[in-house]
Amino acid sequence: MTSAVALQTDTPHRATQAPQLRIALVENHAIMREGLKRLIELQADFSIVADFGCVEECLNGIRDILPDVLVTDLIFPGQTGIELLDQIHRHSPATRTLVLTEHASETHVRGALQAGADGYVLKDCRSDELILGLRTVAAGQQFLCKAIASKVLSSYLSHDAPPASAPVECSLTDRERSVLTHIALGNSNKLIARQLGISPKTIEKHRSNLMRKLQLRNVAAITMYAIRHGMTSADSLGGYVQTR
C-alpha cells in the first residue's frame with residue numbers, strides 16, 4: 001500500500017499543453033529586439049526561437065530553426081527586408097512572414113506584399129494589434145494593421161490605378177474586377193448592388209466566381225491580392241483588414 005502511494009506521488013499528472021507558436025525576429029536595433037522578445041513572450045503560447053540583427057544572419061540560420069512566423073523590419077544595413085522576403089521561402093518554405101516597420105509609404109507596402117509578406121504592421125501600432133497580426137498570419141491568413149488598411153485602394157477608386165499585372169487576374173471580367181474592389185472596401189453585397197445598379201443576387205454570383213478563380217477566402221486576402229498585383233495604390237482609404 002505504501003509503495004503504491006509513493007508511486008502515485010512520483011508520477012504527477014501532466015496537463016496537455018497546446019503547441020507553442022515558434023517565432024523568429026529580424027531587427028538590427030538591439031534594444032528594440034529585446035523589447036519585442038519580452039512583449040511577444042508575454043503570450044503563454046508564443047516562443048521566440050531565434051533573433052537576428054541582419055538579413056545575412058537570418059538567411060544563414062533560418063534553415064536550422066524553421067520558425068512558424070518570421071517578424072522582420074524592412075530596412076537593414078547592406079541588405080533590405082524585401083530581399084529577405086524574396087528569399088525566405090527557399091530557406092524555410094513553411095515559415096509565414098510578418099513585416100514590422102515604421103515605413104508606411106506605398107512603395108514599402110507594395111514592395112513587401114509583392115515580395116511575399118503575409119502581414120504588415122507599423123511599429124507605432126498597439127501591442128494587441130501586433131499579437132493579432134502574429135496569430136492571423138500563423139493561421140495561414142493575411143493581416144494589415146489599421147493604419148495600413150486605411151490607406152489602400154484610393155487611387156483605384158480615383159481611376160488612377162495602374163492596370164492589373166497578374167496573369168490570373170486577366171480571367172476576371174470587368175464586372176468581377178469592380179466587385180473585387182468594392183469587396184476589398186468591406187462593402188456589403190446589398191451596397192455593392194446599389195452602387196453598381198444590379199441585384200444583390202448577381203453580386204453574390206460575381207463574388208463567388210472571382211473568389212473561386214483567384215482562390216481567395218476572405219476580405220483580407222482580396223485586399224492583399226489587389227495590392228500585390230498592381231490593382232491599387234496604398235494611399236488613403238479607410239478600413240481595417242484582417243481575417244475573421
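The values are calculated or read from the model by the stated rules, or taken from the named source; none is laboratory data. On a predicted model such as this, the values are computed, not experimentally measured, just so you know. Reconstructed Cβ throughout: ideal geometry from the backbone, glycine too, with neighbour counts over all protein chains shown.
Collect the residues in region 52-87 that are assigned to a strand (DSSP E or B), of a type outside the set (Val, Ile, Thr) and surrounded by fewer than 19 Cβ atoms within 10 Å (Cβ to Cβ), keeping them in residue-number order. Within region 52-87, none qualify.
Looking across region 174-215, the residues that are modelled with pLDDT of 85 or more and not in a helix (DSSP H, G or I) come down to Gly197, Ile198, Ser199.
Reported count of residues in region 89-120, each being at pLDDT 90 or above, under 17 Å from Pro67 (Cβ atoms) and touching a helix residue (DSSP H, G or I) at 6+ places or on another chain (Cβ under 9 Å), is 11.
Selection of region 27-51 for residues being of a type in the set (A, V, I, L, M, F, W, C), surrounded by 13 or more Cβ atoms within 10 Å (Cβ to Cβ) and more than 23 Å from Ala104 (Cα to Cα) yields Phe46, Ile48, Val49, Ala50.
Restricting attention to region 172-191, the residues being of a type in the set (A, V, I, L, M) and over 26 Å from the mean Cα position of the chain (by Cα) number 1.
For region 34-51, indicate whether the set of residues that are out of contact with any Gly (no Cβ under 7 Å at 6 or more places or on another chain) and on the phi > 0 side of the Ramachandran plot is non-empty. No, every residue in region 34-51 fails to be out of contact with any Gly (no Cβ under 7 Å at 6 or more places or on another chain) and on the phi > 0 side of the Ramachandran plot. Restricting attention to region 114-134, the residues that are within 10 Å of the chain's Cα centre (by Cα), surrounded by fewer than 17 Cβ atoms within 10 Å (Cβ to Cβ) and either aromatic (Phe, Trp, Tyr) or assigned to a helix (DSSP H, G or I) (or both) add up to 0.
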